[in-house]
Amino acid sequence: MILVIRTDFDHPDAWAEIRKTFDQLRHHSMAWRADLLGMSWERAENETADEVPVYFDHPEYDGFAPKMAVIKGTSRHKADCAFIADTHAITDPEHTLLACNALRPDLAPFRCTIERAVFVVANLKDPASDWDKFLDALKEGVYRGTSTPP
């Protein structure tokens with residue numbers, strides 16, 4: 001599951017764009033599995049279950065600091081990582097979300113493109129993966145992926 005928490009409520013069109021991008025990425029991932037790997041649509045849907053975005057779009061989160069938003073969000077849904085759609089993410093043309101480690105809130109958050117959010121979530125399930133490797137791979141303060149998984 002990809003937990004996306006909205007903390008800026010002044011830009012509804014940008015929030016809609018963020019949601020649309022997540023939904024399109026999941027659809028493309030399912031279609032790729034179904035078409036190129038010859039899976040049934042149902043199996044492709046099951047294989048992408050970790051890519052399902054859960055949106056917290058409640059005005060009560062307006063202006064929340066990232067740690068508070070993560071604490072509140074993960075009290076409702078178990079997640080290893082939460083992505084904060086704060087004012088920076090909403091107003092940035094790339095919509096770089098703030099990735100926060102929900103299991104270790106003491107670790108530094110980092111900016112992440114929407115396209116790489118799925119990659120971050122998937123890699124955190126790997127015991128060999130390390131949050132610091134994401135931090136080391138930042139380019140201009142944003143995680144955009146690497147040629148080798150963190």
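All of the numbers you see were taken from the coordinates with simple rules; none came from a lab. Just so you know, these numbers come straight off a predicted model, no measurement behind them. Neighbour counts run over all protein chains shown; Cβ positions are idealised from the backbone, glycine included.
Within the chain, DSSP assigns beta bridges of which about 45% are antiparallel (rounded to the nearest 5). Give me the net charge for the shell around Ala102: Cβ to Cβ below 14 angstrom, other residues only, Lys and Arg +1, Asp and Glu -1. Summing Lys/Arg as +1 and Asp/Glu as -1 gives +4.
Kindly provide the helix-only [θ] at 222 nm of the chain, computed as the sum of -39,500 (n - 2.57) over DSSP H runs of four or more divided by all residues, to the nearest 500 deg cm²/dmol?
Working: 6 runs with 65 residues, N = 150.
Only helices count here, giving -13000 deg cm²/dmol.
Computed from backbone phi, the HN-Hα couplings of the range 117-123 come to 4, 4, 4, 4, 4, 4, 6 Hz, rounded to whole numbers (Karplus: 6.51 cos²θ - 1.76 cosθ + 1.60, θ = phi - 60°; Gly and Pro given as x).
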